[in-house]
Each structure stands twice: as structure tokens, then as C-alpha cells.
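Trainee: Below you'll find the structure I mean.
The values are calculated or read from the model by the stated rules, or taken from the named source; none is laboratory data. What you see is a predicted model, and the numbers here were worked out from it, not measured in a lab. Note that each Cβ is placed from the backbone with ideal geometry, even for glycine, and that neighbours are counted across all protein chains shown. Only protein heavy atoms, including side chains, enter the accessible area calculation; ligands, DNA and RNA are left aside. Shrake-Rupley method; radii C 1.70, N 1.55, O 1.52, S 1.80 Å.
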Amino acid sequence: MAYLQLLARKTGNLRFLSHLETHKMLERSLRRARVPLAFSHGFNPHPNISFAAPLPVGSLSDYEVVHVELAEAIDTGGLIRDQRRFFPEEFILLKGKILEKPPSLMKEVVRSDYTVTLNLPVSPREIEEGIREFLSRETHLIRKRTKKGRYNEVDIRPQVKDLAYDQQADSIFMSLDTGSVSNLKPLVLMEELFDFPPEKLDIKREKLYKTKDGELVELY
Amino acid sequence: MKPLEEIIYLSEKPSRYMGGEFNQVLKPLSPEMIRFAFAFPDIYEVGMSHLGMHILYNLLNDQEDIFCERVFSPWVDLEKHLVERGLDLFTLETKSPLRDMDFIGFTLQYELSYTNILNMLKLSGIPYYAGDRGPGEPVIMAGGSCGYNPEPLALIVDLFVIGEGEEVTLELLELYKEVGRDKEKFLLAAARVPGVYVPGFYEVTYEEDGRIKDFHPTVEGIPGKIGKRILKDMNEAYYPPRMIVPFMDVVHDRAVVEIFRGCTAGCRFCQAGMIYRPVREKTPEVIAREARELIAATGYEEISLTSLSTLDYSKIGPLITDLMTEHETNKVGISLPSLRLDSYSVEVLKEVQKVRKTGLTFAVEAGSQRLRDVINKGVTEEDLYTTMESIFSLGWDRVKLYFMLGLPTETMADVEAIRTIARRIEALYKEASGRKRLTLTISTSVFVPKPHTPFQWEAFDTLEALRKKENYLKDALRYKTFKYQYHDPRSSYLEGVFARGDRRLNRILVQAVEEGIRFDGWQEFFDFDHWMAIFEGQGIDPEFYTRKRDYEEILPWDHIESGVTKAYLIQENEKSKRAELTRDCRGGCTACGVNQGHLGEVC
């Protein structure tokens with residue numbers, strides 16, 4: 001069995017795609033590129049495509065990792081080279097490779113880096129103050145809705161591995177727990193830190209990480 | 001985010017407004033470029049499912065000096081953000097305001113979307129009335145099936161294209177360049193182009209009772225009658241080699257290949273069946289090539305073979321077999337938009353079913369044989385029941401049947417016959433399948449008399465009678481195997497008013513939109529009482545438009561010619577009163593006139 005692993009950027013208007021729409025977009029692009037997809041059996045055959053840590057609507061990404069099950073291996077170099085004929089303009093493939101039977105992306109991901117560009121008339125001091133105050137805490141509890149509609153208390157402080165303001169770029173860099181064990185979304189942290197309207201922010205994922213031999217390495 | 005991005009983000013479905021889909025066209029905005037906005041007066045999901053948009057969008061963008069963009073009605077959430085922030089409605093491609101366009105071309109598919117047209121102008125800061133717009137403001141064009149009665153929009157739209165738009169739109173844009181992009185000169189010249197109606201150059205006078213006394217051009221050299229345009233050879237006609245592939249789920253999310261235009265069945269209620277004559281087929285080779293190109297260019301997993309009556313295509317069997325063979329390995333399925341009730345349809349279904357199995361829909365139109373004969377729907381009880389037996393034994397459990405209520409001469413006995421059909425099919429299902437999973441959906445719509453049909457003179461049924469008929473069926477179909485879907489007769493009533501309306505309705509539309517009315521086709525926004533208050537305030541009786549009319553009366557759309565003669569429509573109307581059938585004209589010409597008039601010998 002062959003799997004195609006892709007690393008891609010989601011830019012511009014594509015930030016507005018939902019996870020399902022991103023999924024469909026990729027499927028159709030691969031069909032246009034005549035990539036031999038492997039299909040499930042049954043009346044509604046569908047391909048096997050999985051994204052690492054799907055982003056909420058509104059986020060940009062320089063680091064989308066995808067697995068696609070193939071009927072047979074392909075030359076990934078050709079796909080990357082000819083991508084503009086098959087993919088929407090604002091979806092950019094960076095790398096691709098063929099894997100034999102990779103572990104589930106969702107299980108592998110442990111951390112993400114983001115930059116949040118502010119575009120807001122607030123003073124750098126106010127932002128730095130907010131960040132310093134948050135980092136100085138031992139714990140920071142929030143109420144989180146569970147799938148069953150109840151609320152749980154979660155301490156998000158240990159989920160934040162790095163948090164810093166870059167005044168020149170007017171952006172906040174954050175490194176957060178991601179994945180099935182511990183997960184914190186950048187917008188949730190932003191709401192805890194400040195009172196900024198979310199539509200003003202430009203959130204971009206910079207990297208995804210997994211652990212290998214106890215060390216943090218890039219997911220792709 | 002930028003201001004427009006902010007409101008797109010805040011909207012319920014951002015992918016309606018984002019643009020950037022695969023096969024979208026972008027061009028540099030040089031001053032030489034003619035800018036055209038294809039405007040669909042409903043939301044993205046509906047508009048992107050409309051084949052005409054895909055054809056014109058690509059046709060125009062294939063011209064070097066024309067840039068066609070898209071604009072749809074914003075849903076109410078985005079509309080609110082636009083208004084609150086003082087932003088203009090925008091095109092998807094370049095996010096430009098509509099005022100920046102040379103042309104805005106609206107497609108007229110449904111009378112209840114007229115308020116959306118005006119609302120789109122309102123959200124663009126463009127005056128409603130053609131007479132209030134300056135020389136620098138865009139030319140407002142319109143075309144589509146509702147354009148066959150252009151009068152309710154005659155004071156708003158600058159120019160109507162009657163009939164098929166591919167050739168004439170290009171001619172018009174050429175003309176626009178020739179006259180140096182001078183709007184006034186352009187309209188005067190355009191009014192002489194065959195198939196073009198510029199209502200500003202025509203005058204209507206009325207009798208005291210409101211009927212039309214006279215209709216005539218006010219400028220010399222402009223035709224008194226406007227004949228529709230058609231493409232004579234579909235094999236030579238432009239067909240887009242690509243289509244924009246939406247990111248979001250739209251109503252029809254598939255590659256669409258049009259296999260013929262026109263219809264020969266001659267159903268008397270059907271406007272499309274009359275105005276799109278004559279039948280013009282593409283060859284199987286052309287269809288196969290277009291399907292191949294579209295699948296390669298879109299990545300779709302389904303090909304829909306579209307037309308007014310797909311199973312009537314002369315070589316449908318071999319066509320489907322060949323397409324299935326070619327596309328099966330890539331898991332691309334074939335779908336048919338409508339099915340006939342006969343054994344042949346079942347054969348075709350067996351073929352198509354190999355890849356995907358969906359619910360099946362059949363249009364029966366009327367419950368009793370008598371009423372089906374009145375409307376010239378050539379379906380017998382036997383056709384219906386044998387078809388049902390076959391599809392049940394082939395494994396289908398979900399069937400939907402369409403009927404109309406309010407057809408001319410309908411009585412309660414005809415409505416009761418719908419119940420009889422439902423019960424009989426339920427029994428057939430048990431016998432033929434031995435299963436217990438049947439879902440039989442009975443769907444009724446309300447018959448609206450439409451211009452250019454044999455029923456154009458008939459009255460719209462009364463609201464009381466329609467309610468009674470619906471209530472009867474609600475009650476009669478209250479079993480768990482049945483699902484009854486019905487339609488608010490009041491919205492059909494309003495549709496009927498605008499379908500056969502005249503110029504005086506323009507000011508009704510303007511007032512309605514000024515008072516916040518739009519999305520009349522959407523149940524949650526349709527406000528009948530508000531509409532009636534507006535009619536009353538303007539001193540216009542809507543009943544005037546839904547009433548029965550004499551053959552002698554000058555109809556508001558008499559200056560528009562579909563090619564089918566009035567004599568033929570009268571003859572068909574008379575035959576309907578005697579429940580007499582007219583044959584499908586593939587079996588011999590029935591002299592509707594389409595090949596004898598301005599179009600020449602077309603069939």
C-alpha cells in the first residue's frame with residue numbers, strides 16, 4: 001500500500017475553507033492531476049485522505065500535512081512541478097513523498113507554532129504586559145465545553161510552551177500543545193489574553209511537530 | 001484581516017463570498033478591459049448550480065478584452081454587515097463594487113427573485129430605475145426564461161436579451177466597443193439587434209380597466225416585435241471546456257453536459273417546453289468529448305447529462321453505455337436529472353446504477369388520466385405502475401413523485417386520484433420487493449400559468465381551493481411510508497402575479513425592496529401580508545394579473561416572440577378543454593410555427 005504525504009501552504013482566501021471543504025478541494029485537485037487514488041468499497045466510494053490537526057475557518061497555514069492513500073505510487077516531483085495546473089491558486093504544495101504505511105497523523109501531532117498578526121491600534125506595552133502576566137502564572141483555568149455539552153475545567157498554562165511578542169512584525173508567536181492528548185487552539189488563548197475581536201486577527205500556523213526518540217521534530 | 005475579509009469571516013458560510021475557486025478567471029484591470037458582472041439574484045449555492053452562468057462566464061472570459069466576474073445575492077447575514085459598515089456588494093473575483101462594471105447581466109430564472117435583483121442594485125448604490133441612472137453607470141442587462149415577459153422589470157433593466165444568449169451577448173459587447181462605450185448610443189443601436197429588447201424605447205397605453213390598449217416603439221427603425229435568438233447547431237455551439245469548481249457544497253455539484261436544447265413533448269403547462277423549441281441535439285461524439293474535457297478540467301466525480309427531457313435523446317442508450325465504460329475506472333458516475341415513466345427508462349437505470357444508487361424522481365404532474373390528458377402529459381396509469389414494479393424489483397426503496405395542484409379544470413376527484421396512486425404504489429412495492437423500507441415522497445407544487453404557453457390565458461386557482469387540496473393530501477398521506485411535501489400557495493400566487501404582470505409592477509417592486517423585502521423564494525422571508533399591503537397602497541389589484549383572460553386581449557408580453565404562434569397556443573388551449581392529446585412532435589410535426597417564423601427552417 002502506498003501513501004502520499006504532502007506538505008502545503010493554505011494562503012489568501014483559502015483561510016475561509018472549512019475542514020470538509022479543504023478535504024474536497026484536495027480530492028478534486030488530485031483527481032484533476034490524475035493521481036491514482038485508492039477508493040473505499042461500497043455504493044459511495046470515497047478516497048482516504050487525512051489532514052494533521054485541521055484548522056478552524058479563518059486561519060492561514062504554512063504547514064498543512066496530508067496523507068492520501070494511493071492505488072499505486074506516483075512520482076511526487078512531477079506533481080509538485082505541475083501543481084499549478086491542478087490546484088486552486090492559493091493552495092501551494094511545498095513537498096511530497098511516498099510512504100508505505102505511515103502512522104495516523106492525528107495521533108502523531110503534539111505541538112504547533114503559530115503567529116498571530118494583530119492589525120490593531122493597541123500599544124505594544126499593553127500586549128507585552130498581557131503576555132508577561134500570563135507567563136508569570138502557575139495555572140490558568142478555563143471552562144471548556146465537552147462533546148456531551150457539559151463543561152470541564154482545563155489548565156491551559158502548561159499547554160503554552162512559548163509565547164512572545166514581536167513588535168516589529170506586530171505579531172505574537174505561540175507554541176501550543178496540539179493533538180489528541182492535549183490541545184489548545186490559538187484563538188482560545190488569544191481570548192484569554194486579550195479582548196480583541198477575532199476578525200481583526202491574522203492567525204497563521206507555522207509548523208507542526210511530533211516526537212521522535214523523545215525529541216521534538218517537524219511532522220513532515 | 002482587511003475590511004471585506006472581516007465580514008466574510010463573520011458570515012455563516014464564508015466560502016459563498018471568498019472566490020478563488022479552481023477555474024475562476026482573473027484578468028488585469030486595464031482601462032481597455034470591458035468589465036461584465038454576471039449577476040445571479042440568489043445565493044451562491046443556487047447560482048453556481050446554474051448551467052447558463054458557467055457557459056456565459058467562460059464564453060466571455062475567452063474573449064481577450066472582456067473580463068466577466070460573478071456576483072450573487074448575499075445572504076442576510078453578510079447583507080447586514082455590508083450595510084452596517086457602509087461597504088458595497090462585491091464581485092467574487094476582484095472584490096470590486098458593481099458600479100465599476102460596464103455591464104451587469106442578471107439572469108431571470110424565477111419571478112420571486114426579482115426583489116433580489118433590486119436589492120443587489122440597492123446594496124451597490126445603483127438607482128433602481130433606468131431613467132435615474134447616469135451615462136457613467138453600468139448597463140443593466142437581463143436574460144433567461146422570465147425575460148419572455150420582461151414587463152415587470154421594464155423600467156429597471158436597460159436591455160433584455162430574448163432567447164439563447166451566447167451569440168447575441170458577444171454581438172452586443174462588440175457593438176459597445178464600436179460606439180465608443182457611449183451608453184446612450186449603445187442602447188439605441190442595441191435595440192436594432194435581433195433578439196434585443198430595450199424597453200425604454202417602447203410605450204404602453206392602458207384601457208380604463210387596466211388592460212393594455214396599445215404597445216409601440218417610440219423611436220423610428222426599432223422593431224415592434226422582438227423574436228428570440230437560438231443557436232442553430234449545438235454541435236458547433238460554444239460549450240465551456242471548464243467550469244468553476246465550488247469549494248462549498250452547492251445544489252448541483254457535478255460536471256454538467258448539455259445534450260440537447262428544446263423539448264418535443266408539448267406539455268401544455270410547461271413554459272420551457274414551448275420557449276426553447278426547436279429540439280437541437282448534440283452528437284454522441286460531441287457529448288463524449290465535452291464530458292471528457294470537463295472531468296479532466298474539474299475533477300468532478302459525477303457527470304450529469306442535462307436537457308429538458310434527457311431520456312428523449314435519440315441515442316440515449318449507446319451514449320450512456322459508452323460514457324459508463326469510459327469513466328467507470330475513475331469512479332466517475334453518470335446522473336440523469338429526470339426520468340420518464342416507461343420501461344426504457346428502467347433499462348437505462350440498470351446501466352447507471354452500476355456506480356451509484358440514489359433516490360429516483362418522476363414527474364407524473366396530475367393524479368387522474370383525464371387531467372393528464374388536459375395538460376398533454378402522455379403518461380398512463382400502466383406506464384406508472386409497471387415502471388414502479390420494475391424499479392422496486394431492481395432494489396430501489398426511495399421514490400419521489402411530482403404533481404401539480406391548481407391545473408385548469410382540476411376538481412377534488414383529480415386530487416383524490418393522487419392518493420389512489422400513492423396507495424397503489426405502496427401495495428405494488430410489497431408485492432414486487434418483499435421489503436419493508438419504502439419511502440414514497442409525494443410532492444405537489446402549485447400550477448402557475450406562464451406566458452407563451454397554451455395556458456397563458458388561464459386563471460390562477462384560488463388560494464382557498466389550493467389550501468383545501470393541500471389539506472386533503474396532508475390528511476390522506478398521513479402514513480409512515482409516505483412523505484408529503486407541499487408549497488405555500490401564496491408564494492405561487494405572487495409568482496403568478498409577476499409571471500403575467502405588466503409595467504405597472506415595476507413600482508411595486510421598488511417599494512417592496514425599499515421596505516426591506518427580498519428572498520421571496522425563501523419561505524422564512526416570504527411575507528404575503530406585507531406584499532398585499534404594498535399592492536393596496538399603490539392601488540393595484542393583484543387579482544387583475546391572476547385572472548382568466550380572453551384570446552383577444554393584448555397580453556403584456558405579446559411583443560416578445562418565441563416562434564411558437566399564438567394560433568397554435570389557442571388551438572392547444574381548445575384541445576385541452578376537450579382533454580384531447582397532441583402527439584410528441586418527434587413523431588410528426590404538430591405545426592407550432594417555430595420553423596416558419598423569424599428563425600427560418602430550424603426543424
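Trainee: Which residue pairs have Cβ atoms under 6 Å apart, sit 6 or more places apart or on different chains, and have a first residue in region B:130-143 that is on the phi < 0 side of the Ramachandran plot and open to solvent by 10 Å² or more (accessible area, probe 1.4 Å) and a second that is modelled with pLDDT of 95 or more and among the acidic types (Asp, Glu)?
Mentor: Taking only residues 6 or more apart or on different chains, the pairs are B:ALA130/B:ASP158.
Trainee: Working only within region B:82-115, note down all residues that are in a helix (DSSP H, G or I), in contact with a strand residue (DSSP E or B) (Cβ under 9 Å, 6 or more places away or on another chain) and either of a type outside the set (Asp, Glu) or open to solvent by less than 30 Å² (accessible area, probe 1.4 Å) (or both). Break it down into steps so the answer makes sense when it comes.
Mentor: Residues of region B:82-115 that are in a helix (DSSP H, G or I), as a first pass: B:82-84, B:98-100, B:111-115.
Narrowing the set further to residues that are in contact with a strand residue (DSSP E or B) (Cβ under 9 Å, 6 or more places away or on another chain) leaves B:82, B:98, B:100, B:113.
Passing the criteria: B:LEU82, B:LEU98, B:SER113.
Trainee: Among (1) buried (at least 23 other Cβ atoms within 10 Å of the Cβ); (2) within 14 Å of chain A (Cβ to nearest Cβ); (3) in contact with a Ser or Thr (Cβ under 9 Å, 6 or more places away or on another chain), where does B:ARG16 come up short?
Mentor: Every condition holds for B:ARG16 apart from (3).
Trainee: While we're on this one: Can you pull out the strands (runs of 3 or more DSSP E) entirely within region B:187-268 that have at least 1 residues that are hydroxyl-bearing (Ser, Thr, Tyr) and surrounded by 15 or more Cβ atoms within 10 Å (Cβ to Cβ)?
Mentor: Here the list reads B:202-206.
Trainee: Here's a follow-up. Given the residues B:GLU64, B:GLU45, which is the only one that is over 27 Å from B:ILE517 (Cα atoms), surrounded by fewer than 20 Cβ atoms within 10 Å (Cβ to Cβ) and not hydroxyl-bearing (Ser, Thr, Tyr)?
Mentor: Numbers: B:GLU45 fails: over 27 Å from B:ILE517 (Cα atoms).
When all the criteria are applied, what remains is B:GLU64.
Trainee: For region A:103-111, state whether one or more residues are open to solvent by less than 20 Å² (accessible area, probe 1.4 Å), in contact with a His (Cβ under 8 Å, 6 or more places away or on another chain), outside any strand (DSSP E or B) and farther than 30 Å from B:MET243 by Cβ.
Mentor: Within region A:103-111 (the criterion being open to solvent by less than 20 Å² (accessible area, probe 1.4 Å), in contact with a His (Cβ under 8 Å, 6 or more places away or on another chain), outside any strand (DSSP E or B) and farther than 30 Å from B:MET243 by Cβ), the answer is yes, since at least one residue qualifies.
Trainee: In the set B:MET33, B:MET53, B:MET18, B:MET1, which member is at pLDDT below 95 and either farther than 18 Å from B:SER124 by Cβ or touching a Gly at 6+ places or on another chain (Cβ under 7 Å) (or both)?
Mentor: Matching residue, one of B:MET33, B:MET53, B:MET18, B:MET1: B:MET1.
Trainee: I would also like to ask the following. Any idea which of (1) touching a Pro at 6+ places or on another chain (Cβ under 7 Å); (2) closer than 13 Å to B:ILE34 by Cα; (3) of a type outside the set (Phe, Trp, Tyr) is the one B:ALA154 doesn't satisfy?
Mentor: Exception for B:ALA154: condition (2).
Trainee: Take the residues in region A:1-25 that are more than 10 Å from every other protein chain (Cβ to nearest Cβ) and assigned to a helix (DSSP H, G or I), then tell me which one is farthest from A:LEU94 (Cα to Cα).
Mentor: By that ranking, first place goes to A:HIS19.
Trainee: From the residues in region A:26-46 that are open to solvent by less than 10 Å² (accessible area, probe 1.4 Å) and more than 13 Å from A:ILE92 (Cβ to Cβ), which one is farthest from the other protein chains (Cβ to nearest Cβ)?
Mentor: A:LEU30
Trainee: Taking B:ILE226 as meeting all but one of (1) out of contact with any Leu (no Cβ under 7 Å at 6 or more places or on another chain); (2) within 14 Å of another protein chain (Cβ to nearest Cβ), write down the number of the exception.
Mentor: (2)
Trainee: Quick one: in region B:19-31, which of the residues that are within 17 Å of B:ASP62 (Cβ to Cβ) and more than 10 Å from chain A (Cβ to nearest Cβ) is nearest to the chain's Cα centre (by Cα)?
Mentor: B:VAL25
Trainee: Can you tell me how many residues within region B:274-294 are in contact with a strand residue (DSSP E or B) (Cβ under 7 Å, 6 or more places away or on another chain), more than 21 Å from B:GLY317 (Cβ to Cβ) and in a helix (DSSP H, G or I)?
Mentor: Residues in region B:274-294 being in contact with a strand residue (DSSP E or B) (Cβ under 7 Å, 6 or more places away or on another chain), more than 21 Å from B:GLY317 (Cβ to Cβ) and in a helix (DSSP H, G or I): 1 in total.
Trainee: Is there any pair linking a residue in region B:390-414 that is over 25 Å from B:ALA465 (Cβ atoms) and in a strand (DSSP E or B) to one that is open to solvent by 20 Å² or more (accessible area, probe 1.4 Å) and of a type outside the set (S, T, N, Q), with Cβ under 8 Å and at least six apart or on different chains, and which?
Mentor: B:ARG398/B:GLY359; B:VAL399/B:GLY359
Trainee: Output the helices (runs of 4 or more DSSP H) that fall wholly within region B:1-78 and possess 3 or more residues being farther than 14 Å from B:THR91 by Cα, or say none.
Mentor: Correct list: B:3-10, B:51-61.
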